[in-house]
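This report concerns only the one structure given below.
The values are calculated or read from the model by the stated rules, or taken from the named source; none is laboratory data. These numbers come from a predicted model, not from an experiment. For neighbour counting, all protein chains shown are included, and Cβ atoms are generated from backbone atoms with ideal geometry for every residue, glycine included. To get the accessible areas, we keep the full protein, side chains included, count just its heavy atoms, and leave off ligands, DNA and RNA. Shrake-Rupley method; radii C 1.70, N 1.55, O 1.52, S 1.80 Å.
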Amino acid sequence: MTDRNQQLFDRAAQVIPGGVNSPVRAFRAVGGTPRFVQRAQGAYFWDANGQQYTDYIGSWGPMILGHGHPAVLEAVQKAALDGFSFGAPTEREIELAEEILKHVPSMEMVRLVSSGTEAGMSALRLARGATGRNKFIKFEGCYHGHADALLVKAGSGLATFGNPTSAGVPPEVVRDTLVLEYNNITALEEAFALHGKELACVMIEPIAGNMNFVRASVPFMQRCRELCTEHGALFVFDEVMTGFRVALGSAQSVYAQLIPGFKPDLTVLGKVIGGGMPLAAFGGPREIMRQLAPTGPVYQAGTLSGNPVATACGLATLKEIAKPGFWDALSARTQSLVDGLQGAAASAGVPFSADCQGGMFGFFLLPELPQNYAKVMTSDSPKFNKLFHGLLDGGVYIAPALYEAGFVSAAHTEADIAETVRVAADVFKTL
């Protein structure tokens, strides 16, 4: 039988670098040929060979309702009939902004943009403009988009400045970026002791989804907040992945239940708020957000920002996930998957640990959940690759990389979860 996926990949490689338009879609880490999706519905997609897969990527998070949800599809079709793009304000931009602010009380104003990278770099610029400072802290293993200043790996010491992780990023561009170990309070305190008066912000993924699924511990998160407040730095929550994915109030609402009075200064959102369309946002208190042009000196603009079709998609999605009972059902389904995988691995004697929150999950071929990037890197990569292809052969699609989180949608059924666990159990026996 002709492998249509391979044919398309060979063709793509002639006109697209690496045959993909985002590196994470490639199968280079696990080997094999990327699956070219032909269509998707509910919890499934079908590749170019007509093979059906249960989808645990969901466009890397946005498809929290599953693919082709009727209410979302209707909203998008209606919006498209009215026009694709205007380059002028629409009422729906206001409606989406109001819906976001209703559920994330740390934000009083929000600016809509088109991608998580755009939102992250704009939030960083705003933090620098609002504080008049240049230096900032990020954490190893957290990904905030591919803006130059954020493509940085850790230096050699606890509080050293980072080094570029991409060609084309001059060292001087990242000279003000401090890269620290995630969940390391000692390193955090040392960085503030050395550079506190120069720090514009601390930027963090509250649940890091780009080293699979690693939570910031409550003491670490609380110390981040305390030190930012003490030194006049802004605390920036990158919730591109976790926003409206781990809870209706996003990850910050989870920490607010554990830390009295907790809230970040700025929040970066993406993925779910666009429902699968290119849309992201950043927001915070009114006094900070008014520093943005046209009311303030910090410039940010975008031709397609607040696109009318994207806002229709995002607004319809947010209204669905705000309905009573949605989060209890989604969380239970995700927990069922994690529990099932843990049980299957234990039965096969495979070192395994897993965690989840809302509709987001992650697992490691390690006996205990890692707390930082260095520990994540000790996971058994060849064994993961074997697990990935075993699941793929059984019709289960997870991220083709050891370091990416997974996503459950409202469209996944109990039968889908049970079948996934059954396939996984068979594969664990071969590891």
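Taking a ≥ b ≥ c as the square roots of the Cα gyration tensor eigenvalues, with a/c under 1.5 meaning rounded and otherwise prolate when a/b beats b/c, else oblate, which class fits the stretch 1-147? Taking the square roots of the gyration eigenvalues as a ≥ b ≥ c, the stretch 1-147 is oblate. Between the stretch 398-431 and the stretch 225-284, how many Å separate their Cα centres? For the stretch 398-431 versus the stretch 225-284, the Cα centre distance is 28 Å. Distance between the 7 Å Cα→Cβ label points at residue 303 and residue 167: 2.9 nm.
Sparse packing (at most 16 other Cβ atoms within 10 Å of the Cβ) combined with a DSSP loop state is found for none of the chymotrypsin sites (Phe, Trp or Tyr not before Pro) in the stretch 192-287.
Scalar couplings 3J(HN,Hα) for the stretch 54-61, obtained by applying the Karplus form with A = 6.51, B = -1.76, C = 1.60 to θ = phi - 60°, are 7, 9, 10, 9, x, 6, 6, x Hz; x denotes Gly and Pro. Figure legend: label point modelled 7 angstrom from the Cα of residue 78 along Cα→Cβ; residues of the stretch 275-311 with amide N under 14 Å from it are 309, 311. If a paramagnetic tag sat 7 Å from the Cα of residue 26 along the Cα-Cβ line, which residues of the stretch 352-378 would have the backbone N under 16 Å from that point? Answer for the stretch 352-378: none.
Of the chymotrypsin sites (Phe, Trp or Tyr not before Pro) in the stretch 290-358, the ones in a loop by DSSP (not H, G, I, E or B) with at most 12 other beta carbons within 10 Å are 299.
Mind giving me the FRET efficiency for residue 347 and residue 189? R0 is 35 Å, r the Cβ-Cβ distance, nearest 0.05 is fine.
The value I calculate is 0.20.
In terms of its C-alpha gyration tensor, the stretch 151-279 comes out oblate, because a/c is 1.5 or above while a/b does not outweigh b/c.
Once all protein chains are placed together, residue 403 keeps about 70 Å² accessible to a 1.4 angstrom probe.
Taken about its Cα centre, the chain carries a charge dipole of roughly 400 debye when the Cβ of each Lys and Arg holds +1 and the Cβ of each Asp and Glu holds -1. Backbone phi angles across the stretch 351-365, fed through the Karplus curve with coefficients 6.51, -1.76 and 1.60 (θ = phi - 60°), yield HN-Hα couplings of x, 7, 9, 8, 8, 7, 8, x, x, 10, 9, x, 9, 9, 8 Hz in residue order; Gly and Pro are listed as x.
Between residue 1 and residue 368, the FRET efficiency estimated from the beta carbon spacing at R0 = 45 angstrom works out to 0.55. Charges were assigned to the Cβ only: +1 to each Lys and Arg, -1 to each Asp and Glu. The resulting dipole of the stretch 278-371 about its Cα centre is roughly 400 debye. What lysines sit close enough to residue 78 to cross-link, taking a C-alpha to C-alpha distance under 23 Å and skipping anything fewer than 8 places away on the same chain? Within the straight-line cut-off, residue 78 pairs with 271, 319, 323. Compared with the direct C-alpha span, the chain from residue 293 to residue 49 gains 82.9 nm at full extension, assuming 0.36 nm per residue. Going through (i) 37; (ii) 33; (iii) 23, the figure that equals percent of Cα pairs over 37 Å apart as computed for the structure here is (iii). Close amide H pairs (under 5 Å, H built 1.01 Å from N) link residue 152 with 165, residues at least 5 positions away or on another chain.
Would the stretch 216-316 count as rounded, prolate or oblate if I go by the C-alpha gyration tensor, calling it rounded below 1.5 in a/c and otherwise prolate when a/b exceeds b/c, oblate otherwise? Note, shape of the stretch 216-316 comes out oblate. If the cut-off is 17 Å between C-alpha atoms, which lysines fall inside it for residue 197, apart from same-chain ones fewer than 8 positions away? Candidates past the 8-residue exclusion: 135, 138. Solvent exposure of the chain, expressed per residue, is 42 Å² of accessible area, with all protein chains present and a 1.4 angstrom probe. Of the solvent-accessible surface of the chain, computed with a 1.4 Å probe and all protein chains present, 52% belongs to carbon and sulfur. Only the Cβ atoms of Lys and Arg (+1) and of Asp and Glu (-1) were treated as charged; on that basis the dipole of the stretch 67-213 about its Cα centre amounts to roughly 380 debye.
The string of couplings for the stretch 83-96 from the Karplus curve (6.51, -1.76, 1.60, θ = phi - 60°) is x, 7, 6, 10, x, 8, x, 10, 5, 5, 4, 5, 4, 5 Hz, one whole number per residue in order, with x for Gly and Pro. Taking a straight line from the alpha carbon of residue 383, these aspartates and glutamates sit under 17 Å away, with near neighbours fewer than eight places off in the same chain left out: 368, 393, 404, 426.
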